[in-house]
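Here's the structure we're looking at; comments come further down.
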Amino acid sequence: MTQPGGTLHGLDQPTPEREVARVELEPGLAERLEQEQLPLLIAGGVAHWRALSSWTPSGLERLLGSTEIDFKLSSSNAHPDFRQTELRHMFARGRATFGEFLRKIGTGPDAQRARALFTGDEQFVLRRRQGVTTLNPVLAPLLADIELPTLFAEERLYSVWSWFSGRGVRTWLHYDNNGCHNLNAQVRGHKHCWLYAPDQLARLHPFPLGGSNPAHNCSQIDVEAPQPEFQADLRAAPAWHAELKAGDLLFIPAWWFHTFRHEGELNANLNFWWKPLRPGWNPVAGRQALLDAAGRTGLAKDPAAAATLAALDAALCGAETS
Ligand SMILES: O=C(O)CCC(=O)C(=O)O
């Protein structure tokens, strides 16, 4: 099978790929998302947002230009920078005004521009916990030009993040460890996304519990240059592919692994996580339950428990893949 638009990785044989179905906003879609738990691309799902015309570089500069922000800083296009060996380099940050950040990602050679990325790890836009909504005043102006998608009940909303980047950025293969469904809105630019179902956990090799890398929801695999020991598994794992253009809305079901490649001059996204109506059970959800329990009980940081937790994690991640 050929790889539609954009390359996932440098393997000699392409991974079998399935194109994510494109649908329109239509009655019954919300129920379909909850029921099927398969990725869907809602074509033009946010095409009516004023942000599509107002989030130009100069419009964003007017809105947020003087705001001081932290952003991810990689030695390459990969975020987090797991091509590095030291944690402080993997998770390096830069600091600048939003206006300076826009110039950093918007000028110069692509290789330079892809080194910086702003996400909700640095500053969330909105959070809803125990029924209380908190707006981040710094990024709240972004909400004036968008509307909350109507595909889930507002009381189920968990978090809203914004993402800003230049061309060439690769977000590392990972799953969202909050257990939420995700609607990712492309406001400006375009992106390719590859997704893997939770039943592929054994082939995707997340950083193990008990190991030195705390990003347990991220794969160890560099999909752009897969390490020899992971190539057979990556090749065997069926990938779903979607191309998001400005105005599109991508549904990422809870617990699906995903990685993005950013292709626009300026890529701007807003994503919405919400708690599923009917949380499902699958290998990733099961593994994350162990990780969460280890964190809550303090066992995750207890050296005496490290080997046991690592063995349990390895058993969960090594369970047979369908
Ligand atoms: O836009 C990206 O590169 C990543 C988005 C993502 O990981 C998410 O929406 O959860």
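Answer rounded, prolate or oblate for segment 137-256, using the Cα gyration tensor with square roots of eigenvalues a ≥ b ≥ c: rounded when a/c is under 1.5, else prolate when a/b is larger than b/c, else oblate. Here segment 137-256 falls in the prolate category. The stretch between T134 and A315 holds 61.3 nm of extra length on full extension. This uses 0.36 nm per residue minus the Cα-Cα distance. Shown here for segment 27-126: trypsin sites (Lys or Arg not before Pro) in loop regions (DSSP other than H, G, I, E, B) with at most 13 other Cβ atoms within 10 Å, namely R50.
Using helices alone, what [θ] at 222 nm do you get for the chain, with -39,500 (n - 2.57) per DSSP H run of 4 or more residues, divided over all residues and rounded to the nearest 500?
On the way: 10 runs with 76 residues, N = 322.
Value at 222 nm, helices only: -6000 deg cm²/dmol.
Label separation (L277 vs R296): 2.6 nm, computed from points 7 Å beyond Cα along the C-beta direction.
Arranged from fewest to most other beta-carbon atoms within 10 Å of their beta carbon, D110, D233, D176 become D110, D233, D176. May I ask for the distance between the Cα centers of segment 54-120 and segment 217-239, given as a whole number of Å? Rounded to whole Å, the Cα centres lie 26 Å apart.
Calculate, in nm to one decimal, what E154 and A289 gain on full extension: separation in residues at 0.36 nm each, minus their alpha carbon distance. Don't jump to the answer; show the numbers that get you there.
Details: separation 135, 0.36 × 135 = 48.60 nm, distance 2.53 nm.
Length difference between fully extended and current span is 46.1 nm.
Among K72/K104; K104/K191; K72/K275, which pairs are too far apart, with a Cα-Cα distance over 21 Å? List each step's numbers first, then the result.
Values: K72/K104 12 Å; K104/K191 19 Å; K72/K275 27 Å.
From the list (K72/K104; K104/K191; K72/K275), the Cα-Cα distance tops 21 Å for K72/K275.
No lab work stands behind these numbers, since they all come straight from the coordinates. Everything numeric here is computed off the predicted structure, so don't read it as measured data. Cβ atoms come from the backbone with ideal geometry, glycine included; neighbour counts cover every protein chain shown.
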